[in-house]
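The values are calculated or read from the model by the stated rules, or taken from the named source; none is laboratory data. Fair warning: this is a prediction, and the values are worked out from it, not measured in the lab. All Cβ positions, even for glycine, are placed from backbone atoms using ideal geometry, and neighbour counts span all protein chains on display.
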Amino acid sequence: MQTSLLQKMIEQLQCLPGVGPKTAQRMAYHLLQHKRQAGTELANTLATGLAEIGQCKQCRNYTELELCDICTNSRRTQNTLLCIVESVSDLAAVEQSGHFSGRYFVLHGCLSPIDGVGPQELGLSQLEEVLASDGSDPSKPLVEEVILALNPSVEGEATSHYIADICKSNNVAITRIAHGIPVGGELEMVDTSTMSHALMGRKQF
């Protein structure tokens, strides 16, 4: 029996995160009943975006250009700082904090041999080239400090140690963002792992 176009729409919408069969069904019905023109524009934009958006050659952020807006922004004042993140959504989270004006390097994942994700998939050879730069090449500015902003998972920790070795071999200082008690959190509700990180990352008051 041939699958109807409506059923295909519902099935394809489920590729989005957090969208199950019922939500996908409501979306499909809404587009067909109220938003046919908007749905067509959405489909066209998605097709164009998927075909033309790639990775920035310098930081691996998403962009349709050779370099992203962050890498070409001359007003960023901390160009010798390089923040390494797992994903573009993590980059956005750091940017939204408003407290960082350096550059980024996006891994698009973490080391996970069981899933076939190694240093090559994360662009770590490209990262090593960036860290080895003496700043004479404008496309590879000097890096004085690397800030690790990876998730405190098993894979994140393994990736952090791997990157730390690269930094040490290139004489680049390395720090990591603090992990611990969230602002407004209560100690009795914090798990033991988070508490351990908070205690180890304590600083002078």
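Is it the case that some residue within the stretch 148-168 is more than 18 Å from residue 88 (Cα to Cα), touching a helix residue (DSSP H, G or I) at 6+ places or on another chain (Cβ under 8 Å) and of a type in the set (Ser, Thr, Tyr)?
Checked against the condition, which is being more than 18 Å from residue 88 (Cα to Cα), touching a helix residue (DSSP H, G or I) at 6+ places or on another chain (Cβ under 8 Å) and of a type in the set (Ser, Thr, Tyr), the stretch 148-168 yields at least one hit.
Out of the stretch 132-160, which residues are within 19 Å of the chain's Cα centre (by Cα), over 14 Å from residue 176 (Cα atoms) and surrounded by 14 or more Cβ atoms within 10 Å (Cβ to Cβ)?
155, the sole residue that qualifies.
Report yes if residue 150 is under 13 Å from residue 83 (Cβ atoms) and touching a residue at least 12 places away in the same chain (Cβ under 8 Å), otherwise no.
Here the answer is yes, as residue 150 does meet what is asked.
For residue 61, are the conditions met, namely being surrounded by 10 or more Cβ atoms within 10 Å (Cβ to Cβ), touching a Pro at 6+ places or on another chain (Cβ under 7 Å) and under 30 Å from residue 178 (Cα atoms)?
No.
Pick out the one residue from 122, 127 that is of a type outside the set (Asp, Glu) and part of a loop (DSSP other than H, G, I, E, B).
Testing whether each residue is of a type outside the set (Asp, Glu) and part of a loop (DSSP other than H, G, I, E, B) leaves just 122.
Answer yes or no: is there a residue in the stretch 21-39 that is at pLDDT below 95 and either within 30 Å of residue 157 (Cβ to Cβ) or among the acidic types (Asp, Glu) (or both).
no
Just the residues that are touching a residue at least 60 places away in the same chain (Cβ under 8 Å) and surrounded by fewer than 18 Cβ atoms within 10 Å (Cβ to Cβ), please, taken from the stretch 69-116.
79, 80
Please pick out the residue among 184, 201 that is over 16 Å from the mean Cα position of the chain (by Cα) and farther than 29 Å from residue 76 by Cβ. Write out each step before concluding.
Details: 201 fails: farther than 29 Å from residue 76 by Cβ.
Result of the check over 184, 201: 184.
Report, by residue number, each residue of the stretch 9-42 that is more than 25 Å from the chain's Cα centre (by Cα) and either loosely packed, with under 12 Cβ neighbours inside 10 Å or under 26 Å from residue 63 (Cα atoms) (or both).
If the condition is that a residue be more than 25 Å from the chain's Cα centre (by Cα) and either loosely packed, with under 12 Cβ neighbours inside 10 Å or under 26 Å from residue 63 (Cα atoms) (or both), then 21, 22, 33, 34, 36, 37, 38, 39, 40, 41 are the ones that fit.
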